[in-house]
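Visitor: Starting off with a structure, shown below.
The values are calculated or read from the model by the stated rules, or taken from the named source; none is laboratory data. What you are looking at is a predicted structure, and each value in this text was computed from that prediction instead of being measured. Because the Cβ atoms are built from the backbone with ideal geometry, glycine has one as well, and the counts that use them run over all protein chains shown.
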Amino acid sequence: MDTKTLTDILQSFREDLPDHSQTATAIDQGASLADIANQAQAEGLHEIATVLFEAQQEVFQESPEATTDPGVITQAFIRDFRTRLPNGSETAAAIDRDASWEEISECAEAEGIHQLAAALLNPEQEYLRGSA
């Protein structure tokens, strides 16, 4: 995904957000996709968060150091997501003990971290992880 397309997507979302939205503020300040997605998730804007997660994955896949292994990509996403979770989180604890993706997803869903839960429920990725 090129930068112009991503900028257009962000501006399209931005136009529909109230000015007091933290997601709007993140977009206006040029925050990273991850930060914008986190704000969107926190505000219950799951559609925006999902689109931005997919855009992050596409940007990562287009980078020269990218891997095409979905398991490696998902593990990197989990590690990155972990850095943004409080230490007292059950999801963080599950990630720290290298729990299965299913268990991490269940913890994330229980804590309202839908972006992470949805990313880990993809059965194709779960299959690939199991065969790695």
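Visitor: Show the residue pairs that are 6+ apart or on different chains and have beta-carbon atoms under 7 Å apart, the first residue being within segment 70-98 and under 19 Å from Q41 (Cα atoms) and not assigned by TED's automatic domain parsing to the domain that holds F53, the second being among the polar types (S, T, N, Q) and surrounded by 14 or more Cβ atoms within 10 Å (Cβ to Cβ).
Guide: T74/Q125; R84/N38; L85/T91
Visitor: Quickly run through segment 35-50 and pick out the residues that are in contact (Cβ under 8 Å) with a residue 40 or more places away in the chain, in contact with a helix residue (DSSP H, G or I) (Cβ under 7 Å, 6 or more places away or on another chain) and either surrounded by fewer than 17 Cβ atoms within 10 Å (Cβ to Cβ) or closer than 16 Å to S21 by Cβ (or both).
Guide: The answer is A37, Q41, H46, A49.
Visitor: Which helices (runs of 4 or more DSSP H) does segment 58-131 wholly contain that include 2 or more residues that are at pLDDT 80 or above, touching a helix residue (DSSP H, G or I) at 6+ places or on another chain (Cβ under 7 Å) and surrounded by 16 or more Cβ atoms within 10 Å (Cβ to Cβ)?
Guide: 70-82, 90-96, 101-110, 114-120
Visitor: Every residue in segment 1-41 that is under 15 Å from A118 (Cβ atoms) and at pLDDT below 85, please.
Guide: Answer for segment 1-41, where residues must be under 15 Å from A118 (Cβ atoms) and at pLDDT below 85: A37, N38, Q41.
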